[in-house]
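Asks: Pasting in a structure now, in structure tokens, and then I'll have a few things to ask.
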Amino acid sequence: MPKVDLIIFGGGIAGLWTLSEASRAGYRCLLLEAFELGSGQTIASQGIIHGGLKYTLQGMLTGSAQRIREMPLIWKKCLSGEQLPDLSQTEIRSDCCYLWRTDSLSSRLGMFGAKMGLHVAPKKLTKEETPAVLANCPGSIAIMDEQVISPQSLIANLADSFQDQIIKYEPKDLSFTRNQNEHITSVQIQKPNGEFFSIKTAAVLLTAGRGNETLRNQARQQSAPLQIPFMQKRPLHMAMVRGALPQFNGHCVDGAKTRITITSDTNSLGNTVWQLGGQVAEIGVDMNRGELIRHAARELAASVPGIDLSGLEWNTYRVDRAEGATKTGVRPETAQVLKEGNLFTAWPSKLALAPRLATEVCDHLQQINVKPAQDDTPWKDVFSTLPRPQVALPPWETSEDWVTLDRLSALDGAA
């Protein structure tokens, strides 16, 4: 029976970054993915490497802002190939995000608060420096060094160096073996030929987002359940619009909130696609598809005065942000790791916090005395016949039934 130091479940940003970090530390690691790499939260994210801006809009340096403000520099070095993991093959949509406000007093205060304590602070633009799409916006317009990357490209880049350590498995064939101390000793999956395959492991890490709940229940088996919730989900209903649009990335601030966050990419047909997040996506949770498209169109018109929405096509998608539970149910301020013996359940909370999460997991391995292998004996060949997962497609490539605003009546009553 082959033996490894760590088995990671979940091929999103958290699992893949930890696979890279732990492997470079000398641990023998495998990553198991049930579906496609990045499927779920990672591929659905807007790809912004946040530097803490959105957490300072109330005019104070919050815990969230303090913990995330170092991340852009780490990412920038990795994206340039100056630091490991080498992400130089990741597509950078933009090296910056724009920041502008709606015409309200509270919004002006929000812009002031956004400048507090950040390494990535807004820089006010002159009229000549302002992008054409924001030419009719009132008030000041700023730019920030928040990079925007393609999540699909990021996942492919991270996975490329570890192809022989990434395995696709069928959830129905998965099982765990535990010893008398309730520590996981091995994981069983099934080969394509139907033969069961057992892998000894010193530790298990769950980084499967909302899938952590099912995996943790399987892994713990008959262990006594926790008396408090261990995970919470905060849903989003994102809008997308495609057509004759410029490449653009930025946040429209209204008071202490981001009224709308726009990120852009180009789809397989060569069309520009905008993802619309921020308050649009949070409010949209209680709306059906048609209602959200109408609301997103109104918000976009209000936030980007003068934008021409005629002929553009719209769609939506839903995604759950899975996080470790907090006492009050509010968003956690940093990456979270729940430790139960040699089973770790983890959530990065934000895409940008994946490096911090990976470091914490490696620290936890040391704390439970899991030591990197000391010999160079080949160990990966035994996994060579197992299937490999593909990289997930972004939501605009898999969403169907795009509609223009003049055809929205057909969507009334649709979920």
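No value in this document is a laboratory result; all are computed from the given coordinates. Owing to the predicted nature of the structure, the values given are computational and were not obtained by experimental measurement. Here the Cβ positions follow ideal geometry from the backbone for every residue, glycine too, while neighbour counts run over all protein chains shown.
Asks: Mind putting a number on the dipole of segment 228-312 about its Cα centre? Charges go on the C-beta only, +1 for Lys and Arg and -1 for Asp and Glu, and I need it in Debye to the nearest 20.
Replies: For this selection, approximately 140 debye.
Asks: Given a Förster radius of 35 Å and the C-beta distance between LYS191 and THR398 as r, what FRET efficiency does 1/(1 + (r/R0)^6) yield to the nearest 0.05?
Replies: The calculated FRET efficiency here is 0.75.
Asks: Stretched out fully, how many nm does the piece from GLN218 to LYS200 gain, at 0.36 nm a residue minus the Cα gap? Intermediate values should be presented prior to the final figure.
Replies: Working: separation 18, 0.36 × 18 = 6.48 nm, distance 1.66 nm.
Stretched fully, the GLN218-LYS200 segment lengthens by 4.8 nm.
Asks: Then there's this: Between ARG234 and GLN180, what is the label-to-label distance in nm when each label sits 7 Å out along the Cα-to-Cβ direction?
Replies: 4.5
Asks: Less than 30 Å apart at the alpha-carbon level, and either on another chain or at least 8 residues along: which lysines does that give for LYS380?
Replies: LYS3, LYS77, LYS168, LYS172, LYS191, LYS200, LYS339, LYS371
Asks: Okay, next question. Under 8 Å for C-alpha pairs, at least 6 residues apart: give me the relative contact order for segment 242-389, rounded to a whole percent.
Replies: 13
Asks: If you take the square roots of the eigenvalues of the alpha-carbon gyration tensor of segment 345-391 and sort them as a ≥ b ≥ c, do you get rounded (a/c under 1.5), prolate (a/b over b/c) or oblate? The partial results should precede the final answer.
Replies: Working: a/c = 3.05, a/b = 1.24, b/c = 2.46.
Verdict is oblate for segment 345-391.
Asks: Is the C-alpha gyration tensor of segment 169-248 telling us rounded, prolate or oblate? Criteria: a/c under 1.5 is rounded; beyond that, a/b larger than b/c is prolate, otherwise oblate.
Replies: oblate
Asks: Between segment 275-354 and segment 251-269, what is the C-alpha centre distance in whole Å?
Replies: Going from one Cα centre to the other spans 11 Å.
Asks: Counting only DSSP beta bridges with both residues in the chain, tell me the antiparallel percent, nearest 5.
Replies: On the way: 52 of 72 bridges.
Of the beta bridges lying entirely in the chain, close to 70 percent run antiparallel.
Asks: Between segment 374-406 and segment 68-104, how far is it from one alpha carbon centroid to the other, in angstrom?
Replies: About 23 Å separates the Cα centre of segment 374-406 from the one of segment 68-104.
Asks: Let me ask something additional. In nm, what is the difference between 0.36 nm times the number of residues separating ASP173 and GLU82 and their Cα-Cα distance?
Replies: 28.7 nm
Asks: Still on this structure, please answer the following. May I ask you to derive the relative contact order of the chain, considering only C-alpha pairs under 8 Å and at least 6 residues apart, and to give it as an integer percent?
Replies: Relative contact order here is 24 percent.
Asks: On to the next question. For the pair ALA244 and ASP406, how long in nm is the line joining their label points, each one 7 Å along Cα→Cβ?
Replies: Calculated label separation equals 1.4 nm.
Asks: Determine the calculated [θ] at 222 nm for the chain from helices alone, applying -39500 (n - 2.57) to every DSSP H run no shorter than 4 residues and normalising by the residue count; nearest 500 deg cm²/dmol.
Replies: Details: 11 runs with 97 residues, N = 415.
Helix contribution divided over all residues of the chain: -6500 deg cm²/dmol.
Asks: Okay, next question. With unit charges on the beta carbon (Lys/Arg positive, Asp/Glu negative), name the residue among SER303, ASN217, GLN188 whose Cα is farthest towards the positive pole of the charge dipole of the chain.
Replies: ASN217
Asks: At a Förster radius of 35 Å, what calculated FRET efficiency corresponds to the Cβ-Cβ distance of ALA132 and ARG318, to the nearest 0.05?
Replies: The value I calculate is 0.60.
Asks: At 7 Å along the Cα-to-beta-carbon direction for both ARG388 and ASP376, put a label point, then send me their distance in nm to one decimal.
Replies: A separation of 2.4 nm, rounded to one decimal place.
Asks: Taking the convex hull of the alpha carbon atoms in the chain, what volume per residue do you get, in Å³?
Replies: 157
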